[in-house]
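Structure first, commentary second.
The values are calculated or read from the model by the stated rules, or taken from the named source; none is laboratory data. If you're wondering where the values come from, they're calculated on a predicted model, not measured in any experiment. When we count neighbours, we look across all protein chains shown, and the Cβ atoms used for this are built from the backbone with ideal geometry, even at glycine.
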Amino acid sequence: MLKIKDVDAYYADLQAIWGISMQVNEGELVALIGPNGAGKTTTLRLISGLLKPASGDIHFQSHDLAKETAHRIVEMGISQVPEGGKIFTGMSTLENLELGAYVATARKVRDQTLEWVYEIFPRLKERKDQLAGTLSGGERQMLAIGRALMSKPRLLMLDEPSFGLAPKMVKATFEAAVAIAQTAGISVVIVEQEIKEALRIADWAYVIKKGEIVLEGDHESLNFEKIQQAYF
């Protein structure tokens with residue numbers, strides 16, 4: 001579904017990504033793990049069109065993403081949940097979710113998608129009329145993911161979904177990511193520093209360090225000790 005090949009990327013004159021290659025298959029949950037500043041969020045920005053590659057190829061199905069605008073990439077079926085969720089605090093939970101269905105194809109099935117999101121996150125239905133700014137940290141993360149799902153993505157990207165959450169909510173968020181991939185066939189890319197949890201749920205994982213992919217494999221071949229060696 002998604003293929004990145006030999007991509008370099010820069011912020012002005014500073015190179016941030018060095019020849020990375022990775023792929024995501026349909027219905028697959030892929031983890032991208034690495035220390036702070038390794039290039040994880042930059043990789044997501046490349047996929048979502050917020051940063052253009054200096055060289056290399058990024059293809060989503062038959063589309064060359066390097067030639068597309070960010071809003072067009074959302075219409076193609078790629079949604080990103082940024083670190084920390086970033087919801088609209090002055091709007092209700094329901095209004096935030098409805099805003100996620102602004103894509104024309106998603107608007108047509110908004111009510112059905114909303115009920116599906118409520119099945120994944122029942123708490124959002126309980127809080128649908130509540131001001132989003134009054135939600136707990138875990139509820140805000142649920143809302144951010146739910147809003148992204150309202151656009152009917154084929155590929156969902158989660159940037160540090162465990163950030164700032166209590167251990168119980170971290171586990172619930174990871175289980176929701178598994179459910180999204182398994183029940184809806186949506187491909188999921190999860191960027192994480194919670195290494196053990198990410199490996200536990202991922203079909204495949206990439207380890208990135210200083211802008212380069214240094215390891216890849218499934219959870220059986222990528223043990224914690226190997227990743228520690230790559231980190232340090």
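If the condition is being over 15 Å from R200 (Cα atoms) and not in a helix (DSSP H, G or I), then the stretch 215-232 contributes L215, F232.
A single entry from R147, R140 fulfils the requirement of being part of a helix (DSSP H, G or I), of a type in the set (K, R) and modelled with pLDDT under 95: R140. When E95 is tested against the conditions (1) in contact with a Pro (Cβ under 9 Å, 6 or more places away or on another chain); (2) more than 22 Å from L165 (Cβ to Cβ), the lone failure is (1). Only residues that are loosely packed, with under 14 Cβ neighbours inside 10 Å and not in a helix (DSSP H, G or I) were counted in the stretch 106-130, giving 3. Taking the stretch 200-210 as the range and being part of a loop (DSSP other than H, G, I, E, B) and surrounded by 22 or more Cβ atoms within 10 Å (Cβ to Cβ) as the test, only A202 passes.
Inspect the stretch 175-182 for any residue being assigned by TED's automatic domain parsing to the domain that holds R72, touching a helix residue (DSSP H, G or I) at 6+ places or on another chain (Cβ under 7 Å) and outside any strand (DSSP E or B) and give the result as yes or no.
Scanning the stretch 175-182, I find no residue that is assigned by TED's automatic domain parsing to the domain that holds R72, touching a helix residue (DSSP H, G or I) at 6+ places or on another chain (Cβ under 7 Å) and outside any strand (DSSP E or B), so the answer is no.
Among residues of the stretch 17-38 being surrounded by 19 or more Cβ atoms within 10 Å (Cβ to Cβ) and within 14 Å of the chain's Cα centre (by Cα), the one that is modelled with the lowest pLDDT is I33. Only one of the listed residues (R127, R123, R140, R154) is in contact (Cβ under 8 Å) with a residue 12 or more places away in the chain and closer than 20 Å to L29 by Cα. That residue is R154.
Given the condition of a type in the set (D, E, K, R), surrounded by 22 or more Cβ atoms within 10 Å (Cβ to Cβ), not assigned by TED's automatic domain parsing to the domain that holds L99 and not in a helix (DSSP H, G or I), answer yes or no: does some residue in the stretch 191-199 qualify? Yes, because at least one residue in the stretch 191-199 is of a type in the set (D, E, K, R), surrounded by 22 or more Cβ atoms within 10 Å (Cβ to Cβ), not assigned by TED's automatic domain parsing to the domain that holds L99 and not in a helix (DSSP H, G or I). All conditions but one from (1) more than 14 Å from A31 (Cβ to Cβ); (2) surrounded by 18 or more Cβ atoms within 10 Å (Cβ to Cβ) apply to I213; the one that does not is (1).
For the stretch 40-86, residues that are among the β-branched types (V, I, T) and either part of a strand (DSSP E or B) or over 25 Å from L14 (Cβ atoms) (or both) total 4. For first residues located in the stretch 43-66 and at positive phi, partners that are β-branched (V, I, T) and surrounded by fewer than 19 Cβ atoms within 10 Å (Cβ to Cβ) and lie 6+ apart or on another chain with Cβ distances below 9 Å form the pairs G49/T69.
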